[in-house]
Amino acid sequence: MGELSAVRGESLLRMQTITKEFPGVRALDKVSFDVAPGEIHALVGENGAGKSTLMNVLSGIYPHGTYEGDIVYDGEVCRFGNIRDSEKKGIVIIHQELALVPYMTIAENMFLGNERGHVVKIDWDETNSKAAEYMRMVGLNESPQMLIKDIGVGKQQLVEIAKALAKNVRLLILDEPTAALNEEDSKNLLEMLLRFKKEGMTSIIISHKLNEVEQIADSITVLRDGATIETLFKETGNITEERIIKGMVGREINDRFPKRESHIGEVTLEVKNWTAHHPLYRERKVCDGVNLTLRRGEVVGISGLMGAGRTELAMSIFGRSYGTDISGELLINDEPVIFKKPRDAIDRGLAYVTEDRKGDGLILSNTLRINTTLANLARTSLFGLVLDKDREIHFAEEYKTRFGVKAASVEQNAENLSGGNQQKLLLSKWMFTEPEILILDEPTRGIDVGAKYEIYNIINELVADGKSVLFISSDMPELIGMCDRIYVMNEGRMVDECINSEETRQGLPERIMTAILRSSKGA
């Protein structure tokens, strides 16, 4: 990667007055920023601020001619027609949704479109040996012939970085690289970026995790509503979380978690001795004798490390949508229920907001109108037989306004919304089913601080209206800031239950981690 000097004033990349428009929307409005060679430059802003759009312009995904302004890279004005043109210059982008093929090997994925060998024949020996070489550089010790589906998300992220190294990357762009990673994998990834920086690589990182940005970035450009607000530099000491947030949202957020008064009522959901097995490896229990209760007007959190079984528990409760050989009891309003499919759960007032809004939550190629009403078509049909489009539009408009979804109209496709607005659309879809019990699985993952605050307000409004919320999150401050009680889950079992009050709050992080560590097998 060669030694490069990161002298302020010289630029490896300069994006000058970039303007990009979509039908009815100006996504970028004369955005300009510079990246010095050998530095880590962060782009921050609310969802919809234009960060990903700007990087898609840089990488050629939005080709020259579809935007205004100039890209000056290594002293040369570049007019990229596609992503291959930018990669030839050593500019490689890694998207938040990893572009890996699950049933291909690590080596095959690394050189897909960049094959080793001849025109008519791939050299598999070279493919595997080169893959192993780049894998060692990122600390990945698996076999190059292992299938992508058989490694975790953290290791898949490393495969993407090794893939970039194989393309002789000089400028690495990472879009929310730690959004789906646990704390340990996130730490390792950030340390790797710092190591690459010492070796001369330049990086641009998009992230909503401001503590990570503060930790590794040499400079930070803040975008808001498609425009550059300011660029902050570590060397001048003006990078603070408060200043970044104010630049992002245009105001100060003094309290990240809106206050509410708890008015907790009777038990609405009770889970007794709930056990579920893995759908493929049936000897493995993903939930093991779980017990929990949820009351009206209450937010109950579930904390735990990645793989603890939290999502598996939620999905197995929600109409057995995950798992096999499920046993135990479910009671709603003190009445035993048996859900054989998700529709049974929906009909009894239960809703599950998935952690994977793009894969399982929304149909991205469909409109807000269709997505909003999809889970409860009976409300928009005539006699349960024929869909009434006028009624669909009416309800979609109502819920768009109620949940603050920013879109040109209800006929806009979900794929054109920012992450935060997709999340609010997903919430509106499930609230359209008129549930009494709402299971939220990582509802603020990958969205900005302003959108998070709006979703927290929605949760507070729901419980104030007598709804019950089960809140799964990997963000401990979020759980402590929002929940009345917190269950701790580890290796498929509930290992602790914590009351969240003024008296207990300060000691909760330590108590939660202690419960996890002491309950781990072999600990």
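Some points to look at:
- Residue in the stretch 496-515 that is most open to solvent (accessible area, probe 1.4 Å), counting only those that are touching a helix residue (DSSP H, G or I) at 6+ places or on another chain (Cβ under 8 Å) and at pLDDT 90 or above: D496
- L54 vs. criteria open to solvent by less than 10 Å² (accessible area, probe 1.4 Å), among the aliphatic types (A, V, I, L, M), assigned to a strand (DSSP E or B) and touching a residue at least 12 places away in the same chain (Cβ under 8 Å): no
- Within the stretch 280-301, the set of residues being farther than 22 Å from G154 by Cα and hydrophobic (A, V, I, L, M, F, W, C) comprises C287, V290, L292, L294, V299, V300.
- Test: S11 is open to solvent by less than 60 Å² (accessible area, probe 1.4 Å), of a type in the set (G, A, S) and at pLDDT 90 or above: no
- Residues of the stretch 276-318 satisfying the condition of being more than 21 Å from G349 (Cα to Cα) and of a type in the set (D, E): E283, D288
- Those residues of the stretch 469-495 which are over 20 Å from A276 (Cα atoms), small (G, A, S) and open to solvent by less than 40 Å² (accessible area, probe 1.4 Å), in sequence order: S473, G481
- Residue in the stretch 281-328 that is farthest from I472 (Cα to Cα), counting only those that are part of a strand (DSSP E or B) and basic (K, R): K285
- Per-region count, the stretch 331-354, residues in contact (Cβ under 8 Å) with a residue 60 or more places away in the chain and under 30 Å from the mean Cα position of the chain (by Cα): 7
- For the stretch 423-447, a tally of residues being hydrophobic (A, V, I, L, M, F, W, C) and open to solvent by 20 Å² or more (accessible area, probe 1.4 Å) returns 1.
- The sole residue among L232, L189 that is without any contact (Cβ under 8 Å) to a residue 60 or more places away in the chain, under 23 Å from I447 (Cα atoms), open to solvent by less than 20 Å² (accessible area, probe 1.4 Å) and outside any helix (DSSP H, G or I) is L232.
- Some residue of the stretch 195-204 being in a helix (DSSP H, G or I), touching a residue at least 60 places away in the same chain (Cβ under 8 Å) and among the aliphatic types (A, V, I, L, M): no
- Annotation: V286 fulfils all but one of (1) open to solvent by 20 Å² or more (accessible area, probe 1.4 Å); (2) in contact with an Asp or Glu (Cβ under 8 Å, 6 or more places away or on another chain); (3) aliphatic (A, V, I, L, M); the unmet one is (1).
- Qualifying positions in the stretch 209-222 - under 19 Å from the mean Cα position of the chain (by Cα) and either more than 11 Å from E241 (Cα to Cα) or in a loop (DSSP other than H, G, I, E, B) (or both): K209
- Sub-6 Å Cβ pairs linking a first residue in the stretch 151-165 that is free of Cβ contacts under 8 Å to residues at least 40 places away in the same chain to a second residue that is in a helix (DSSP H, G or I) and aromatic (F, W, Y), at least 6 apart or interchain, are L165/Y134, ordered by first then second residue.
- Test: residue in the stretch 448-468 that is open to solvent by less than 10 Å² (accessible area, probe 1.4 Å), charged (D, E, K, R) and in contact with a helix residue (DSSP H, G or I) (Cβ under 7 Å, 6 or more places away or on another chain): yes
- From the options I458, I437, residue that is under 30 Å from G507 (Cβ atoms), over 16 Å from the mean Cα position of the chain (by Cα) and free of Cβ contacts under 8 Å to residues at least 60 places away in the same chain: I458
- Here is the figure for the stretch 370-399: residues that are in a helix (DSSP H, G or I) and open to solvent by less than 40 Å² (accessible area, probe 1.4 Å) total 10.
- Residues that are surrounded by 14 or more Cβ atoms within 10 Å (Cβ to Cβ) number at least 3 in the following strands (runs of 3 or more DSSP E) confined to the stretch 60-168: 68-73, 91-94.
- Test: residue in the stretch 292-313 that is under 18 Å from M431 (Cβ atoms) and open to solvent by 70 Å² or more (accessible area, probe 1.4 Å): no
The values are calculated or read from the model by the stated rules, or taken from the named source; none is laboratory data. Source: prediction; values computed, not measured. We place every Cβ from the backbone using ideal geometry, glycine too, and count neighbours over all the protein chains shown. Please note that ligands, DNA and RNA were not included when accessible areas were found on the heavy atoms of the full protein model with its side chains. Shrake-Rupley method; radii C 1.70, N 1.55, O 1.52, S 1.80 Å.
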